[in-house]
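The values are calculated or read from the model by the stated rules, or taken from the named source; none is laboratory data. Small disclaimer: the values here were computed from a predicted structure and weren't measured. Here the Cβ positions follow ideal geometry from the backbone for every residue, glycine too, while neighbour counts run over all protein chains shown.
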Amino acid sequence: MKDINISYLKQLESESIHIIREVAAEFKNPVMLYSIGKDSSVMVRLAQKAFYPGKIPFPLMHIDTGYKFPEMIKFRDWYVKEIGCRLIVERNEVAISEGTHPQKIGVDKCCAKLKTQGLLGAIKRNKFDAAFGGARRDEEKSRAKERIFSFRDEFGQWDPKYQRPELWNLYNCRINEEESIRVFPLSNWTEMDVWYYLKNEEIPIVPIYYAQEREVVDRGGILIPYDDMVKLKPGEKVEKLMCRFRSLGCSPCTGAVRSEARTIDDIIKEVEEASKSERENRIIDMTSDSSMEDKKKEGYF
Amino acid sequence: MDPHTSSNHANLLRFTTVGSVDDGKSTLIGRLLMDTKNIYDDQLEAVKKVAKRKGEKEIDLSLLTDGLAAEREQGITIDVAYRYFQTPKRKFIIADTPGHVQYTRNMVTGASTANLAIILIDARSGVLEQSRRHGFIASLLQVSHMIVAVNKIDLVDYSQEVFDSIVTEYDEYSRKLDIKDITYIPVSALEGDNVVNKSEKTPWYDGPTVLHVLENVHVGSDLNVRDFRFPVQYVIRPDLNFRGYAGRIVAGSVNPGEEIAVLPSGLISKVKTITTMDGDLEEAHAPQSVVLTLEDEIDISRGDMIVRRHNLPQVENNIDVILCWMGNDPLEIGKNYFLKHTTRTVNASITKLIYMFDVNTLHRTDATEHNLFCELIKTPHLTDVNTLLLNEIGRAELKLTQPIMLDQYNKNRETGSFIIIDPDTNFTVGAGMIRGAVRSIEETIHVEGKTNIEEELPIKVEIERAPVSLQEREERYKHKTAVIWFTGLSGAGKSTIAKSLERLLFSTGIHTALLDWDKLYHGLCKDLSFSDQDRIENTRRAGEVARVFYEHGSVVLCTFVSPLRCQRDQVKALIPEGRFIEVFVRCSLQTCVQRDPRGLYKKAMDGEIPQFTGINSPYEEPLNPDIILDAEHKSIEDNLKALLEMLKQKGIIRR
């Protein structure tokens with residue numbers, strides 16, 4: 001008998017494709033959440049591969065909080081056109097028109113309104129029964145316990161104590177009306193895997209992942225990009241620094257890190273040497289020891 | 001060396017960790033992550049902060065892995081958690097399963113995808129019933145490799161005596177399990193002894209560290225590489241010109257041009273292309289996800305299975321299974337459940353519970369190991385089993401509304417496993433491992449000639465897979481292995497050519513084996529006659545013997561008349577694609593009769609042998625042999641030359 005020796009990236013790719021096809025085959029109306037970030041880019045490529053030479057048989061959906069970097073929106077619109085995919089953009093217009101901002105109502109509440117409510121409303125309105133997300137289990141401790149097929153009740157909420165057992169590669173796709181499943185095809189990928197895959201597959205990413213000189217405010221060690229939306233607190237000043245974004249969120253809550261990495265190889269080198277995990281620059285995770293778990297229970301990605 | 005520089009070549013190991021509360025499982029994982037530098041500063045900082053708040057001096061490594069708020073508060077692990085780390089050699093996925101609440105459900109889940117299990121034993125308490133249970137479940141789920149980590153060795157003063165007695169006790173027990181290999185390691189997860197770094201405090205231990213085993217255990221042969229199985233997941237039809245079947249190859253391999261069967265319809269076609277976005281492939285194997293196109297337009301949909309024509313799974317409605325119950329509601333006999341197997345979901349009802357494993361009450365049994373083992377596999381309450389509760393395991397019979405295409409779980413995890421879904425709650429309430437089709441006692445007696453009570457044991461005593469893989473043998477022997485099958489009429493010259501070839505190969509250092517009718521006739525097959533049925537059986541046995549030699553690294557030369565195509569195809573199906581070489585030794589019947597080296601033609605013509613190939617029984621010439629040798633007009637030297645050239649071309653021997 002010959003041995004199977006397949007590189008683990010190819011193995012991860014194959015597993016993710018299997019997951020994506022299961023959803024397309026078993027659900028009536030799936031959607032792929034597209035956050036424009038690097039993980040989304042990998043997930044979209046996997047979906048292309050899953051249905052090649054056909055087209056991706058479901059739309060992408062972006063939950064726009066109104067605080068995304070302009071480079072992200074530009075990239076989004078270019079990329080979906082490039083790959084010929086249908087894009088749905090959803091916004092919680094009520095909350096946006098109320099001027100919801102993290103500095104006004106706090107980070108947690110702002111996320112709940114713009115992201116969680118935005119997403120839950122969009123899923124209900126469009127009657128989606130399955131939504132792909134690009135989350136990885138290595139990102140955060142509570143995600144390590146989430147299933148690949150994560151059941152959500154009619155309110156879109158996650159119950160960590162009543163999860164369906166997930167065995168072998170057999171995924172339970174059965175739900176009642178109004179209920180839905182969040183599917184995470186990248187569950188078993190790590191940040192490094194994502195970067196190596198982006199490199200190997202030559203997948204385009206938003207340019208702000210690369211280092212350039214930017215105007216930033218140093219807020220408790222996190223570099224917040226300075227723009228009209230940022231209000232300087234007493235004692236803060238605007239600096240010009242070489243920096244890049246390690247993960248992409250809303251501009252008021254996403255910090256940059258000092259970096260000289262201008263190419264994907266530079267980034268890989270930097271991430272390998274980095275001694276801090278990638279969500280270190282995300283203010284949303286730091287509010288309490290279980291902040292991500294609380295958000296997830298409410299229906300956050 | 002940087003942990004990631006070899007990413008593109010490193011392979012993947014999935015393992016599960018099991019232990020009881022306080023065995024130090026989370027600490028062991030924390031230690032592995034920390035000592036392989038897979039913990040980030042900010043994660044470590046967060047854990048230090050907690051230690052400070054609680055007023056503890058040392059940081060608690062287990063906090064690196066306990067994920068949910070409730071767990072951190074109570075200091076316990078609730079659910080299966082997945083962790084990732086990497087070294088230059090491998091990427092690792094850990095399924096971390098808690099040892100107490102609902103341990104069966106969690107451990108079965110964690111073990112279902114694992115190649116290896118780490119079982120923790122607290123050096124102070126020794127081998128507990130739970131340690132045996134963990135080994136039993138790992139064996140039931142066919143986890144091939146096991147590490148028994150005797151933890152907290154620092155708390156018994158690094159005592160060799162304590163370690164040795166645990167090893168002796170567990171080894172005695174584990175001999176009855178179906179585990180390929182077990183490594184015992186004395187460790188202190190807290191202090192870091194023998195986890196990643198070799199400890200100086202255990203000079204009496206000269207074995208590997210935990211990480212060494214994880215990095216080096218050979219898992220390439222754990223997958224079933226022989227039996228091609230392709231459950232169809234999704235049909236891709238972008239336009240009228242393309243119709244492809246998307247799926248993951250769950251076992252074996254496939255090439256364009258191969259003859260396939262579609263089940264359950266039984267339609268036959270050939271593979272036209274193996275399509276992927278990265279280009280068409282010349283070969284694809286498990287676990288790749290691909291799209292197959294076929295030569296013929298046939299009706300195939302999700303839930304069907306594409307297989308090699310001569311290597312078929314069983315297609316069954318009534319199945320005999322080991323079932324782990326995972327639902328909060330008890331199992332109901334006769335109730336209509338959904339069963340998901342590969343990509344196929346059917347209605348199923350449990351018709352009968354045969355026995356249950358008494359895993360929950362085991363820790364109250366103070367039986368000897370042997371009795372314990374017997375109790376594990378045969379409950380004393382054989383008659384009054386009428387349900388399974390959460391976390392119970394039993395053997396059951398299921399009736400399905402539509403057939404599934406299955407293999408035994410111990411032959412193929414992917415086509416031998418299924419889940420049960422309760423249609424009322426949509427919850428996954430059961431996980432099953434298929435033992436085979438349900439057979440009545442009459443059928444069993446007819447086939448086996450005896451009742452197979454002994455064979456009911458789900459744990460097999462013998463070890464199936466070779467501890468040394470074929471790849472390792474090929475590397476050492478410096479040549480590929482193959483089965484060279486010489487077919488042709490009796491007297492055509494098969495043996496003469498094969499014997500010369502063997503001498504030639506042997507003289508160049510190649511490991512060879514020669515199988516012919518004489519060798520088998522006087523021993524293994526002396527119970528067989530010349531009847532059609534017995535000659536088919538003879539070829540079957542020859543094929544199986546050839547496979548054994550093949551799997552041990554030999555170039556196997558087989559000379560058998562094997563007159564029927566189906567006989568040769570049967571042997572071909574046993575051997576991986578490209579390693580079965582069919583040699584047709586052609587010679588006219590007239591010449592063979594003239595040569596008649598054994599006088600067999602004469603006997604046949606005199607009526608002494610009733611069914612003799614060429615005289616009163618047909619010879620079917622191969623349709624597509626790898627080589628045809630003209631044994632009538634060409635010299636042995638010329639034929640040998642042609643044979644050697646072909647073997648070189650196929651890469652079996654070096655140029």
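Within the stretch B:599-634, the set of residues being modelled with pLDDT of 90 or more and exposed (fewer than 12 other Cβ atoms within 10 Å of the Cβ) comprises B:633 only.
Hey, can you tell me all the residues within the stretch A:132-157 that are over 19 Å from residue A:18 (Cβ atoms), touching a helix residue (DSSP H, G or I) at 6+ places or on another chain (Cβ under 8 Å) and away from chain B (no Cβ under 11 Å)? Matches in the stretch A:132-157: A:155, A:156, A:157.
Yes or no, residue by residue, for (1) out of contact with any Asp or Glu (no Cβ under 7 Å at 6 or more places or on another chain); (2) within 14 Å of chain A (Cβ to nearest Cβ); (3) surrounded by fewer than 22 Cβ atoms within 10 Å (Cβ to Cβ); (4) modelled with pLDDT under 95:
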| site | (1), (2), (3), (4) |
| --- | --- |
| B:368 | yes, no, yes, yes |
| B:374 | yes, no, yes, yes |
| B:386 | yes, no, yes, yes |
| B:431 | yes, yes, no, no |
| B:435 | no, no, yes, yes |
| B:439 | yes, no, yes, yes |
| B:443 | yes, no, yes, yes |
| B:450 | yes, no, yes, yes |
| B:454 | yes, no, yes, yes |
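Residue count for the stretch B:405-442, restricted to those that are part of a strand (DSSP E or B) and either small (Gly, Ala, Ser) or more than 30 Å from residue A:152 (Cα to Cα) (or both): 10. Does the stretch B:484-501 include one or more residues that are touching a strand residue (DSSP E or B) at 6+ places or on another chain (Cβ under 7 Å), among the small types (Gly, Ala, Ser), in contact (Cβ under 8 Å) with a residue 24 or more places away in the chain and on the phi > 0 side of the Ramachandran plot? Within the stretch B:484-501, one or more residues are touching a strand residue (DSSP E or B) at 6+ places or on another chain (Cβ under 7 Å), among the small types (Gly, Ala, Ser), in contact (Cβ under 8 Å) with a residue 24 or more places away in the chain and on the phi > 0 side of the Ramachandran plot. Of note, residue A:187 does not satisfy the criterion of being among the small types (Gly, Ala, Ser), surrounded by 14 or more Cβ atoms within 10 Å (Cβ to Cβ), more than 9 Å from every other protein chain (Cβ to nearest Cβ) and without any contact (Cβ under 8 Å) to a residue 60 or more places away in the chain. Residue A:117 meets the conditions (1) touching a Ser or Thr at 6+ places or on another chain (Cβ under 7 Å); (2) modelled with pLDDT under 95 in every case but one. The failed one is (1). With the structure loaded, tell me whether residue B:546 is touching a residue at least 40 places away in the same chain (Cβ under 8 Å), closer than 16 Å to residue B:485 by Cα, in contact with a Cys (Cβ under 8 Å, 6 or more places away or on another chain) and not polar (S, T, N, Q) or whether it fails that test. Here the answer is yes, as residue B:546 does meet what is asked. Go through the residues of the stretch B:466-474 one by one and say whether even a single one is aliphatic (A, V, I, L, M), closer than 24 Å to residue B:598 by Cα and either surrounded by fewer than 19 Cβ atoms within 10 Å (Cβ to Cβ) or assigned by TED's automatic domain parsing to the domain that holds residue B:142 (or both). Looking through the stretch B:466-474, none of the residues is aliphatic (A, V, I, L, M), closer than 24 Å to residue B:598 by Cα and either surrounded by fewer than 19 Cβ atoms within 10 Å (Cβ to Cβ) or assigned by TED's automatic domain parsing to the domain that holds residue B:142 (or both).
Condition check for residue B:126 on (1) at negative phi; (2) surrounded by fewer than 21 Cβ atoms within 10 Å (Cβ to Cβ); (3) in contact (Cβ under 8 Å) with a residue 24 or more places away in the chain: one failure, at (1).
Have a look at B:156, B:150 and point out the one that is aliphatic (A, V, I, L, M) and surrounded by fewer than 24 Cβ atoms within 10 Å (Cβ to Cβ). When all the criteria are applied, what remains is B:156.
Within the stretch A:46-80, being over 18 Å from residue A:207 (Cα atoms) and assigned to a helix (DSSP H, G or I) holds for A:46, A:47, A:48, A:49, A:50, A:51. Within the stretch B:214-265, the set of residues being facing another protein chain (nearest Cβ under 9 Å), part of a strand (DSSP E or B) and under 16 Å from residue B:574 (Cα atoms) comprises just one member, B:253. The criterion of being in contact with an Asp or Glu (Cβ under 6 Å, 6 or more places away or on another chain) and in a loop (DSSP other than H, G, I, E, B) does not hold for residue B:597.
Screening the stretch B:479-520 for residues that are among the β-branched types (Val, Ile, Thr) and part of a loop (DSSP other than H, G, I, E, B) and picking the one that is nearest to residue B:559 (Cα to Cα) gives B:481. Filtering the stretch B:276-283 for residues that are polar (S, T, N, Q) and in contact (Cβ under 8 Å) with a residue 24 or more places away in the chain leaves an empty set. Of all the residues in the stretch B:109-152, those that are touching a strand residue (DSSP E or B) at 6+ places or on another chain (Cβ under 8 Å) and either among the basic types (Lys, Arg) or in a strand (DSSP E or B) (or both) number 15.
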